[in-house]
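Trainee: Dumping the structure here so I can ask a few things about it.
The values are calculated or read from the model by the stated rules, or taken from the named source; none is laboratory data. This one's a predicted model, so the numbers in the text were calculated from it and none came from an experiment. Cβ placement follows ideal geometry from the backbone for every residue including glycine, while neighbour counts extend to all protein chains displayed.
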Amino acid sequence: MKNIYSVFTIFLSISCCSGQSSQQYLMRGNEQLNSQDFQGAIIEFSKAIKLDPNNIEARYNNAISKYSINDFRGAIIDFDFAIRINPNHSDSYFYRALSRSGIRDYSGAFSDFDRALEIDSANEEYYTARGTTRVLVKDYVGAFSDYNAAISINPNSANGYYSKGHLNYSLKNFERALEDLNKAVQLDLNFYRAFYTLGNTKYELADFQGAKAAYTNAVNIYPQYADGYFARGKVCSALQDRNGAIDDFTLAIVHNPKHSGAFVNRGIQKAQLKDYTQAIEDFDSAVKISPNISTAYYNRGLCYVFSGSNDAGCADLKRATQMGDKEALQALENYCQ
């Protein structure tokens, strides 16, 4: 009887006081959301919504949780409800815009960005995000306009300068990118992505020491940053520091064991040091990860040839040639006649 009574009282509590119970589920969901357990948060918010369909906080936070796991369509449904409940909630429009962008509904995304900015015209984040979405549709003029608007609202917007610098880098406006990215890292000394793109920019300008320093800052801030080590490894290679390059490519592999580019480049460094056996092992790993990477076959082919295994080497050079590698074609003519 005791167990039956307990269940009955809980049922009565839920039936009579659904608002309070909805809030309890909401609070649990918020705890899960704050700890980034998005799936757990969705379960709790869904319970809250079932008991109180007009609980805007549960609707909005459920949408944010779905957005965080790239369930963009599911997020849009909940943002729709949140907007119906409160048509002037600017963040609902903003995140629905990001969700629509995630499913390539750019027209819908711009409509939502515009509405969010109508409600909150001084929000730099909205301008920056709309600018980044403009980049996706190659509206570079509009993107620069949005980034400049964000910076105008907040002259200390590291993200605004970073976004502008990243676009300039992508468009090969390296001197302009350098100016923007230097400003971004001055404003935020922990902005590892800005340091990384600054390194890329300096690399393109052949400032290898400057690039190396920027990449070092990036990996010091984010020690698990495989691409940062990979990029610094390429700089070490350009500076003829073979062992330094091998060390960095190894760190890139440690933090991303599927980084085929790191295996290829580490193999090249080992081949330069005439360690053909170890180099071949790296190229083997690269082609297991990315079977269509012609540079791995080309370099493995040369290693086989230089270590006396002509048949295996020529087979690799032929395969790389079939993939369109012009250097492999030349090597095939030189070593495989």
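Trainee: For segment 115-157, enumerate the residues that are of a type in the set (Lys, Arg) and either in a helix (DSSP H, G or I) or assigned by TED's automatic domain parsing to the domain that holds residue 72 (or both). Step through it out loud before you land on a result.
Mentor: Applying the first criterion (of a type in the set (Lys, Arg)) to segment 115-157 yields 115, 130, 134, 138.
Listed by number, the residues that qualify are 115, 130, 134.
Trainee: Regarding segment 63-84, can at least one residue be identified that is among the polar types (S, T, N, Q), within 30 Å of residue 180 (Cα to Cα) and either over 23 Å from the mean Cα position of the chain (by Cα) or outside the structural domain of residue 29 (by TED's automatic domain parsing) (or both)?
Mentor: no
Trainee: Take segment 66-76 and flag every residue that is in a helix (DSSP H, G or I) and buried (at least 17 other Cβ atoms within 10 Å of the Cβ).
Mentor: At the first step, the residues of segment 66-76 found to be in a helix (DSSP H, G or I) are 66-68, 72-76.
Those that are in a helix (DSSP H, G or I) and buried (at least 17 other Cβ atoms within 10 Å of the Cβ): 66, 67, 72, 74, 75, 76.
Trainee: In addition: When you look at residue 102, is it buried (at least 16 other Cβ atoms within 10 Å of the Cβ), outside the structural domain of residue 24 (by TED's automatic domain parsing) and modelled with pLDDT of 95 or more, yes or no? Show your work before the answer.
Mentor: Numbers: buried (at least 16 other Cβ atoms within 10 Å of the Cβ): yes; outside the structural domain of residue 24 (by TED's automatic domain parsing): yes; modelled with pLDDT of 95 or more: yes.
Yes, satisfied.
Trainee: Within segment 46-64, can one find any residue that is at pLDDT below 90 and surrounded by 18 or more Cβ atoms within 10 Å (Cβ to Cβ)?
Mentor: No, segment 46-64 contains no residue that is at pLDDT below 90 and surrounded by 18 or more Cβ atoms within 10 Å (Cβ to Cβ).
Trainee: Is segment 158-174 home to any residue that is over 21 Å from the mean Cα position of the chain (by Cα), within 17 Å of residue 202 (Cα to Cα) and assigned to a helix (DSSP H, G or I)? Walk me through it before giving the result.
Mentor: From segment 158-174, those over 21 Å from the mean Cα position of the chain (by Cα) are 173-174; that's our starting set.
Applying the additional criterion that residues be within 17 Å of residue 202 (Cα to Cα) yields 173-174.
Now restrict to residues that are assigned to a helix (DSSP H, G or I): 174.
Taking every residue of segment 158-174 in turn, at least one turns out to be over 21 Å from the mean Cα position of the chain (by Cα), within 17 Å of residue 202 (Cα to Cα) and assigned to a helix (DSSP H, G or I).
Trainee: Kindly indicate which of 112, 91 is in a helix (DSSP H, G or I), touching a residue at least 12 places away in the same chain (Cβ under 8 Å), surrounded by fewer than 22 Cβ atoms within 10 Å (Cβ to Cβ) and not assigned by TED's automatic domain parsing to the domain that holds residue 37. Break it down into steps so the answer makes sense when it comes.
Mentor: Values: 112 fails: surrounded by fewer than 22 Cβ atoms within 10 Å (Cβ to Cβ).
Unique residue meeting the criteria: 91.
Trainee: Also, quick follow-up: Do we have residue 287 as without any contact (Cβ under 8 Å) to a residue 60 or more places away in the chain, within 16 Å of residue 325 (Cβ to Cβ), surrounded by fewer than 24 Cβ atoms within 10 Å (Cβ to Cβ) and outside the structural domain of residue 326 (by TED's automatic domain parsing) here? Let's see the steps before the verdict.
Mentor: Working: without any contact (Cβ under 8 Å) to a residue 60 or more places away in the chain: yes; within 16 Å of residue 325 (Cβ to Cβ): yes; surrounded by fewer than 24 Cβ atoms within 10 Å (Cβ to Cβ): yes; outside the structural domain of residue 326 (by TED's automatic domain parsing): yes.
When the stated conditions are applied, residue 287 passes them.
Trainee: Now for a different question. Among the residues of segment 269-283 satisfying the criterion of being among the charged types (D, E, K, R) and assigned to a loop (DSSP other than H, G, I, E, B), which is surrounded by the most Cβ atoms within 10 Å (Cβ to Cβ)?
Mentor: Of everything passing the filter in segment 269-283, 275 is surrounded by the most Cβ atoms within 10 Å (Cβ to Cβ).
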